[in-house]
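Reading through the structure tokens given below for one structure.
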Amino acid sequence: MWFLFALLSAIFAALTSILAKVGIEGVNSNLATAIRTVVVVALAWGMVFLTHAQNGIWEISRKSWLFLILSGLATGGSWLCYYKALQIGEASKVVPIDKLSVVITLVLAFVFLHEEFTVKSLIGCILIGVGTLVMVI
């Protein structure tokens, strides 16, 4: 089931890039990010109430709160930079560079989460890196 959700995430991310590139034309990138964020917040809270998960808020530990807030700040920074890059650059070049996050995530997961980093992971990181360079040059 995780694979299906990951695939749907990739499809929605692709749609996000194309829809954003069209929608951001003539709009300040920070304003566009704020509008997008309001829509995401409404959708996320809608799902919380639809699935009756709102009572779980009281069970969240301080550690989880801290890391969820830090994750939110990182997401905000990512979105602000992404929209600015998308506004001034070509989507076909911005998106592959943005997806270098896959490589960075694998390295960070190895360093901080002590996840396994195999030869296969290394080859994949190299291929993604080289593929990104080929796409943007």
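The values are calculated or read from the model by the stated rules, or taken from the named source; none is laboratory data. Because the structure is predicted, anything quoted here is derived from the model rather than measured. Ideal geometry is used to build each Cβ from the backbone, glycine not excepted, and the neighbour counts take in all protein chains shown.
What the table shows:
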item	result
Extreme residue, surrounded by the fewest Cβ atoms within 10 Å (Cβ to Cβ), among residues of the range 93-137 that are assigned to a loop (DSSP other than H, G, I, E, B) and of a type in the set (Asp, Glu)	Glu116
In the range 15-58, the residues that are closer than 25 Å to Ser101 by Cα, surrounded by fewer than 12 Cβ atoms within 10 Å (Cβ to Cβ) and among the small types (Gly, Ala, Ser)	Ala44
Which listed residue, of Ser61, Ser78, Ser29, Ser71, is of a type in the set (Gly, Ala, Ser), over 30 Å from Val136 (Cβ atoms) and out of contact with any Ser or Thr (no Cβ under 6 Å at 6 or more places or on another chain)	Ser61
Residue in the range 60-67 that is out of contact with any Phe, Trp or Tyr (no Cβ under 8 Å at 6 or more places or on another chain), in a loop (DSSP other than H, G, I, E, B) and modelled with pLDDT of 95 or more present	yes
Residue tally, condition closer than 16 Å to Leu86 by Cα and free of Cβ contacts under 8 Å to residues at least 12 places away in the same chain, over the range 28-48	4
